[in-house]
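The values are calculated or read from the model by the stated rules, or taken from the named source; none is laboratory data. All of these numbers come straight from a predicted model, not from anything done at the bench. Cβ coordinates were reconstructed from backbone atoms using ideal geometry, including for glycine residues, and neighbour counts include every protein chain displayed. Just so you know, the surface numbers come from the protein's heavy atoms only, side chains and all, with ligands and any DNA or RNA stripped out. Shrake-Rupley method; radii C 1.70, N 1.55, O 1.52, S 1.80 Å.
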Amino acid sequence: MKIKKSLAISETGFVFDPSTGDSYTLNPTALEIIQLLKDGHSPEQISQIITQEYDVDESAFERYFYDFTAMLKQMQLVAPDEE
Amino acid sequence: MKSNKLNIAISGLNNVDSPGPGIPVIRGIRESNQFQSRIIGLAYENLEPGPYMHEFVDKTYKVPYPSEGVESLMERIRYIHDREEVEVLIPNFDSEIFVFIKLAERLKEMGVSMFLPTLQQFEERHKSNLPAFGKKYGIKVPDSYPVTSASEIFDLKKEQKVDFPLVIKGKFYDAFIAGNSDQAAIYFNKISAKWGLPVVVQEFVKGTEVNVVALGDGRGNTIGAVPMRKQYITDKGKAWGGITLDDPGMIDYTHKLISSTKWRGGMELELIRTDKNELHLIEINPRLPAWVYLAVAAGQNLPEALVQLAMGETVEPFTEYAIGKMFIRYSFDMICSLDEFQQLSTTGELS
């Protein structure tokens, strides 16, 4: 999954989509995940990184991760060819 | 470059909750680095805020409503011109544009320049003419029908030409979404009482409203265009906050529209972007909008360019603007003296 190239993401978790004018606020975990996605990491790599860093097992993370990415798709924050 | 001082008459000074574009246009003109300006305000009401905003308006004259006829307006403008030597006049209300187009030649002979759409451009973009406009220029527009009675709306429904929800629009301003016949009748009566007939019945297009402020040079070139999305909308449907967008599709759309219509003057495009990412044109306002200062702040001083075009100067098109530039409108209680109010009320002038 690729995040829209044009998205502006600040270090504080503020996300601005310049094509729609919409803005969002991310919590620190979401910010970390979205940055990993933007850097081109696969879901498997992200799962590995997050489960090592936080007290969460793989299956629970997978659930949250797919919820989160579904939300990104719904909000059209994903590159068009990845939707 | 600022040695020349222009006398510029400007209307639309009702800087209220549903603001006219006058004050934002003046802000752009005041920030010009091409010319200095003396601003002559043209006011219709004693309580329009503009005349009391002396940092923007140097002198105000009351003018008769366009509905009082072309000649009484012409007479008043001649009176103002005798005293102020007006060089450029910018009418900012939809309801004035037609009258000023009619007066353009006579004003030009007096030495007063404007930069307005042609009568044909003004007429063909009317809400009630939108389907024909869309067909002529190959753009998507919602079905629109002018009606003169509420029963005509019910007939359109019976003939299956329209279905609810519908948008009921005034010929100049106001729009309401009607979900059923009762609401349609209520909104018809409300709008016809305020703006007269016809009232326009328009197909409701679901999507996100986006807008463009643009300026055409009358030869098919776009001098500037800035797309914006309203972030906060008042109960009157006006933007109370907005943000400039990075949307090459909207810019391209505007360029094509201006190129094919050879639009002359300021314009505001009201568009709906559907879920399929299609742009539907719901309205063209034949003037700069009240949010035009956002374009100035984003790097395109369109009011300044409008004045230069009116003066017959060549203006280089703007090619860039700042993306993500926002505006937030606010209200402010200005304290005014009774003496000023008295002056404007009794003499029709305020310095």
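Taken over the range B:208-221, the criterion of being within 13 Å of chain A (Cβ to nearest Cβ) and either among the aromatic types (Phe, Trp, Tyr) or open to solvent by 40 Å² or more (accessible area, probe 1.4 Å) (or both) is satisfied by B:Thr208, B:Glu209.
Residues are listed down the side, and each one gets a yes or a no for (1) in contact with a strand residue (DSSP E or B) (Cβ under 9 Å, 6 or more places away or on another chain); (2) within 14 Å of another protein chain (Cβ to nearest Cβ); (3) surrounded by fewer than 24 Cβ atoms within 10 Å (Cβ to Cβ); (4) of a type in the set (Lys, Arg):
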| site | (1), (2), (3), (4) |
| --- | --- |
| B:Gly196 | no, no, yes, no |
| B:Ile223 | yes, no, yes, no |
| B:Lys238 | yes, no, yes, yes |
| B:His255 | yes, no, yes, no |
| B:Glu270 | yes, no, yes, no |
| B:Asn277 | no, yes, yes, no |
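For the residues A:Ile9, A:Ile34, the requirement of being surrounded by 12 or more Cβ atoms within 10 Å (Cβ to Cβ), under 30 Å from B:Tyr232 (Cα atoms) and within 14 Å of another protein chain (Cβ to nearest Cβ) singles out A:Ile9.
For the range B:111-128, which residues satisfy the criterion of being assigned to a helix (DSSP H, G or I) and surrounded by fewer than 17 Cβ atoms within 10 Å (Cβ to Cβ)? Answer for the range B:111-128, where residues must be assigned to a helix (DSSP H, G or I) and surrounded by fewer than 17 Cβ atoms within 10 Å (Cβ to Cβ): B:Leu119, B:Gln120, B:Glu123. Applying the set (1) at pLDDT below 95; (2) within 23 Å of B:Glu31 (Cβ to Cβ) to B:Cys336 leaves exactly one unmet item: (2). Scanning the range B:297-351 for residues that are of a type in the set (A, V, I, L, M), part of a helix (DSSP H, G or I) and surrounded by 15 or more Cβ atoms within 10 Å (Cβ to Cβ) yields B:Ala297, B:Leu302, B:Ala305, B:Leu306, B:Val307, B:Leu309, B:Ala310, B:Leu344.
Look at the range B:61-87: where a residue is within 16 Å of B:Leu107 (Cβ to Cβ) and a partner is of a type in the set (S, T, N, Q), sitting 6+ places away or on another chain with Cβ atoms under 7 Å, you get B:Pro64/B:Ser72; B:Pro66/B:Ser95; B:Glu84/B:Asn7; B:Glu85/B:Asn7; B:Val86/B:Asn7; B:Glu87/B:Asn7; B:Glu87/B:Ser113.
Scanning the range B:223-265 for residues that are among the polar types (S, T, N, Q), under 18 Å from the mean Cα position of the chain (by Cα) and farther than 29 Å from B:Ser113 by Cβ yields one hit, B:Thr234. Taking the conditions (1) farther than 25 Å from B:Glu313 by Cβ; (2) among the small types (Gly, Ala, Ser); (3) open to solvent by 30 Å² or more (accessible area, probe 1.4 Å) in turn, B:Gly242 satisfies each one other than (3). Return the residues of the range B:304-340 that are without any contact (Cβ under 8 Å) to a residue 60 or more places away in the chain and farther than 28 Å from B:Pro117 by Cα; say none if nothing qualifies. Listed by number, the residues that qualify are B:Tyr330, B:Phe332, B:Asp333, B:Ile335, B:Ser337, B:Leu338, B:Asp339. Residues that are in contact with a Phe, Trp or Tyr (Cβ under 7 Å, 6 or more places away or on another chain) and either of a type in the set (A, V, I, L, M) or within 14 Å of chain B (Cβ to nearest Cβ) (or both) within the range A:12-31 comprise A:Val15, A:Ser23, A:Ala30, listed in sequence order.
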